[in-house]
Amino acid sequence: MASWASGCDSNAMRFETGSTRRRWLRRLAEYGVTLLLAVSLNFLLPRAMPGDPMALIAGEAIQQMGAERIAELRQVYGLDLPLGQQYVRYLGRLVRGDLGESYRFSGGRTVVEVLADRFVWTFLLVAVSMTIATTAGALMGAWAAWRHGSLRDVGLVTFLFALRSVPPFWLAMVLIPIFAINWSLLPVGDSYSFPRQTGIRNLIDIAHHAILPIVVLSLSYLPTVFAIMRSSMLDEVGANYVRTARAKGLKERTVLLRHAMRNALLPLVTTISLDFGQLLGGVLLIETVFNYRGLGAMMFEAVKSRDYPLLQGGFLLFTLGVLTINLLTDWLYGYLDPRVQGGQA
Amino acid sequence: MITKMTDRLDTTSKPRLSRNLYRVVGLVGLTMLLSLILLATFPQAVAPYDPGERVGRPFQPPGPEFRLGTNDIGQDLLSELIWGTRVSLFTGLLVGLVAAPLGTVVGLVSGYRSDVISVLLLRLVDLTLVLPFLPLVILLSAYVGQGQGKIILILVVVSWAAPARLIRSQVLTVLNRPFIEAAQAIGSSDWRILRLHIWPSVRGLALVQFVLVGSASILAEASLSFLGLGDPSSKSWGTMLYFAQASGVFLSDAWRWWVLPAGLMITLSVLSLILVSYSLERWSDPRLRAR
């Protein structure tokens, strides 16, 4: 009897892992297709526009190149080949990690080198701001839903509506003169000072430069998180288990934090990950205002100097970032919600 | 003590503020929006100068002659601000006017039908939604160019997917209701079902989406112009901020009359649209009024 039961169990297990694996493979395929779309967009844009595609691939750098170098590059990109062959060649170069050369940050630097250099700084800003905004936004949203309909709820909602309407880059433009110039509290521009400090001083210096961008970025993420959390929490406040928890005599705080909020967090995770593509853009403008050494300011420089390879590389990296977050969320979801195996929301 | 206890347990109690709050909010938003539209339609009636003309010395502080001072080449900032309303507001509204109906049609088709076309449409919606919004817009506009029409086109290309997704899920919810089955059973045509049974529950959402896409597009246009990707021939609020940043406005007090008003105008227009959408949402779906 026992062996029969265990056999049955292992069968069920095998079936379970099989279907999970299949689901994951499908997920991965979907992400692969999205990435391919972004890559194809990069491939097609310079070729579909009127004018010499060479100028659109190499950017302004073409003016400084000799005829020989241009002919050589034409060969590399295979611009006289049929489109299909060009595409295969393009993908081949991409797989080898070749995104072309940057003109703006030249001196023979490849786009990949520049991206690797810039990525860390953007990652720092986004990761810290996202953590702050998610924590604060979730707490505020949950609290507002808990006190739903009260004056404080309405006040909070109004404030966050207003905050949502403020262009983040303008907020940065207003904070810089106040904090960095009038009061000289914080440095402005770049992500560290010259000459570079060492050891612990270096870390303090970096934090010092990151404070203002992080404040602005967190404020720009806050309304989204708050709105999602508040509406997700409103689905929980009337639930029976909340009434039960209260009837047991639990403290209001415990009911809110341990019971209701836990359940409301699940939709928050998925929705943030779905909105991540929209949220990520803000960092681009804020880095530009602060002249911060990240990918956003880099894209701005690339736009200004028509550095197309760099622009495409930046776009690709941002896409990759969004996809990674989505994939991570799918994986995380299985842990957060035991009812779900492999992230079927 | 007893009443307090039952009060705490009564989770269905009514919200303390009036359920008609949404009407007030909508009225406030609509008033703001209509005044902005008025300003955008007749800027010449209020603007003291031609915004393109150099009427004073550069970098003049506010005074009786120039209420908001002058910019780096001596143009009147107040006139620029007033004329900028036209570019910023109409760009946003136009994008909403094209992208929201487009998304609605896609949502209706992909929600109601389950053939190859609707599956492909759905895939396209998902793919568009995953791509990072602003980097995509910047990439496109770097290649396509900087005319006002081109900006609108680019914003439509990136904005139709979100409404499509929402409308589709609404259609799917309605499709499960018994009255659809009943209509199909008595042999109603697809067109009749869409028009009489599905459209009424979708149109409110479509209207809300129009307003929301509009507000997002005002912000997106401001961002693009701020990065120097705007139309150089018609200055929007974002363009004003671009020139302010480019001329190192932070080092003087000029940011107070150059940067502050332009950003406040963007905030006001986006806020007016958000308020209107909030109210419309509740007007079209009474269940939301309690939230």
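The values are calculated or read from the model by the stated rules, or taken from the named source; none is laboratory data. Bear in mind that the values here come from a model prediction, so they are computed numbers and not experimental data. Quick reminder, even Gly has a Cβ in these numbers, built from the backbone with ideal geometry, and neighbours come from all protein chains shown.
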Practice problem: Would you mind stating whether B:V24 is at pLDDT below 90, buried (at least 16 other Cβ atoms within 10 Å of the Cβ) and among the β-branched types (V, I, T)? | Solution: no
Quiz item: Within the set of pairs 6 or more residues apart or between chains, which connect a residue that is within 17 Å of A:R306 (Cα to Cα) inside segment A:62-73 to a residue that is modelled with pLDDT under 75 with Cβ atoms less than 6 Å apart?
Solution: A:I62/A:A55
Quiz item: Where residues in segment A:255-309 are of a type in the set (D, E, K, R) and more than 12 Å from chain B (Cβ to nearest Cβ), which of them is nearest to the chain's Cα centre (by Cα)?
Solution: A:R293
Quiz item: If you scan segment B:120-149, which residues turn out to be in contact (Cβ under 8 Å) with a residue 60 or more places away in the chain, of a type outside the set (S, T, Y) and either more than 7 Å from chain A (Cβ to nearest Cβ) or farther than 19 Å from A:A302 by Cα (or both)?
Solution: B:V137, B:Q146, B:G147, B:Q148
Quiz item: Quick one: what pairs do we get from segment A:147-166, first residue more than 9 Å from every other protein chain (Cβ to nearest Cβ), second surrounded by 14 or more Cβ atoms within 10 Å (Cβ to Cβ) and among the polar types (S, T, N, Q), C-beta under 9 Å, 6+ apart or different chains?
Solution: A:L163/A:S220
Practice problem: Test B:G187 against the stated conditions and say whether it is out of contact with any Gly (no Cβ under 9 Å at 6 or more places or on another chain) and surrounded by 21 or more Cβ atoms within 10 Å (Cβ to Cβ). | Solution: no
Quiz item: Residue check: is B:G228 within 13 Å of chain A (Cβ to nearest Cβ), in contact with a helix residue (DSSP H, G or I) (Cβ under 7 Å, 6 or more places away or on another chain), without any contact (Cβ under 8 Å) to a residue 60 or more places away in the chain and not aliphatic (A, V, I, L, M)?
Solution: yes
Quiz item: Exactly one of (1) closer than 30 Å to A:V269 by Cβ; (2) within 14 Å of another protein chain (Cβ to nearest Cβ) is unmet by A:S191. Its number?
Solution: (2)
Self-check item: Positions within segment B:88-140 being surrounded by fewer than 22 Cβ atoms within 10 Å (Cβ to Cβ), at pLDDT 90 or above and of a type in the set (S, T, N, Q), in sequence order
Solution: none
Quiz prompt | Which numbered condition A:A210 misses (of (1) crowded, with 19+ Cβ neighbours inside 10 Å; (2) within 14 Å of chain B (Cβ to nearest Cβ); (3) more than 26 Å from A:W143 (Cβ to Cβ)) | solution = (2)
